[in-house]
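The values are calculated or read from the model by the stated rules, or taken from the named source; none is laboratory data. Computed from a predicted structure; not experimentally measured. Reconstructed Cβ throughout: ideal geometry from the backbone, glycine too, with neighbour counts over all protein chains shown. Remember, those area values only see protein heavy atoms, side chains included, never the ligands or the DNA or RNA. Shrake-Rupley method; radii C 1.70, N 1.55, O 1.52, S 1.80 Å.
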Amino acid sequence: EAEVAQSPRYKITEKSQAVAFWCDPISGHATLYWYRQILGQGPELLVQFQDESVVDDSQLPKDRFSAERLKGVDSTLKIQPAELGDSAMYLCASSPLGQGKTGELFFGEGSRLTVL
Amino acid sequence: RKEVEQDPGPFNVPEGATVAFNCTYSNSASQSFFWYRQDCRKEPKLLMSVYSSGNEDGRFTAQLNRASQYISLLIRDSKLSDSATYLCVVTRFGNEKLTFGTGTRLTIIP
């Protein structure tokens, strides 16, 4: 079982509804990532935090997606309104500060979103 | 052009065979390279780093060719448990952002 906790594991929603995903990284990990993985593709970075600060959100569709990590620990990713194309696995990952350069990210089991 | 490209496969290989697949990257500023493994419906996990001099971990060998901008993964004496998707990952200098390829799906056949 992954040490990075994510919830919910599965979410089915109708388009135009709001959706939220939660992630609790490994204790002490300064860097937190949200990735989106569409079936048959590799994970795509949406947002990267270092502590509570956003380091990279260049690929985050900001008109509908938002992410926060207010206290530099757990994080929430929100989609409003959800669209059909948002159906994917949303993966949270964490690493100790500087560890990202060594390539080892610790992923949660993911939150699978289906938009109807 | 995608920053990291892989042949999606699938590669269907008999047990005990040797299989190799490559990954190409477009940005010459890419600094670090890794292979991740992702089992069906599971999260990705780091398999191994790829060093300039090449490196080996048991039946797995990873190599980097900076001149041609590709990395490779070789699996010898393949096992049924090697069936998974193998993701190529690169980072840029001074950046902790990991960019993933689309993955290569491998199935080992008994």
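Along the axis of the charge dipole computed for the protein assembly as shown (Cβ charges of +1 for Lys and Arg, -1 for Asp and Glu, origin at the Cα centre), the listed residues B:Ala62, A:Gln50, A:Leu32 are led at the positive end by B:Ala62. As an exercise, take the mean of 1/r over every pair of distinct alpha carbons in chain A, invert it, and state the Kirkwood radius in angstroms. So the Kirkwood estimate lands at 14.0 Å.
In the full protein context, region A:1-94 carries 50 Å² of accessible surface per residue, based on a 1.4 Å probe and ignoring ligands, DNA and RNA.
Both radii were evaluated on the Cα set of region B:4-110; the Rg over Rh quotient, with Rh as the Kirkwood radius, amounts to 0.96. Placing dummy labels 7 Å off each Cα toward the beta-carbon, the span from B:Arg76 to B:Glu15 is 2.0 nm.
If you plug the beta carbon distance of A:Lys78 and B:Arg92 into 1/(1 + (r/R0)^6) with R0 = 25 Å, you get a FRET efficiency near 0.30.
Please count, across chain B, the pairs of lysine residues with Cα atoms under 20 Å apart that sit 8 or more places apart or on different chains. List each step's numbers first, then the result.
On the way: B:Lys2/B:Lys97; B:Lys42/B:Lys79; B:Lys45/B:Lys79; B:Lys45/B:Lys97.
Counting lysine pairs in chain B gives 4.
Seen from all directions on average, the protein assembly as shown presents a Cα convex hull projection of 12.5 nm². When chain B is treated as a Gaussian network with alpha carbon springs shorter than 10 Å, the biggest mean-square fluctuation among B:Arg92, B:Arg41, B:Arg76 belongs to B:Arg41. Placing dummy labels 7 Å off each Cα toward the beta-carbon, the span from B:Gln31 to A:Ser16 is 4.7 nm.
Before we go on, tell me the buried accessible area for the B/A pair, both chains summed, 1.4 Å probe, in Å² to the nearest 100. Kindly include the intermediate steps, with their values, before the conclusion.
Working: alone 6300 and 6440 Å², together 11010 Å².
Accessible area lost upon association: around 1700 Å².
When chain A is treated as a Gaussian network with alpha carbon springs shorter than 10 Å, the biggest mean-square fluctuation among A:Leu105, A:Leu70, A:Leu45 belongs to A:Leu70.
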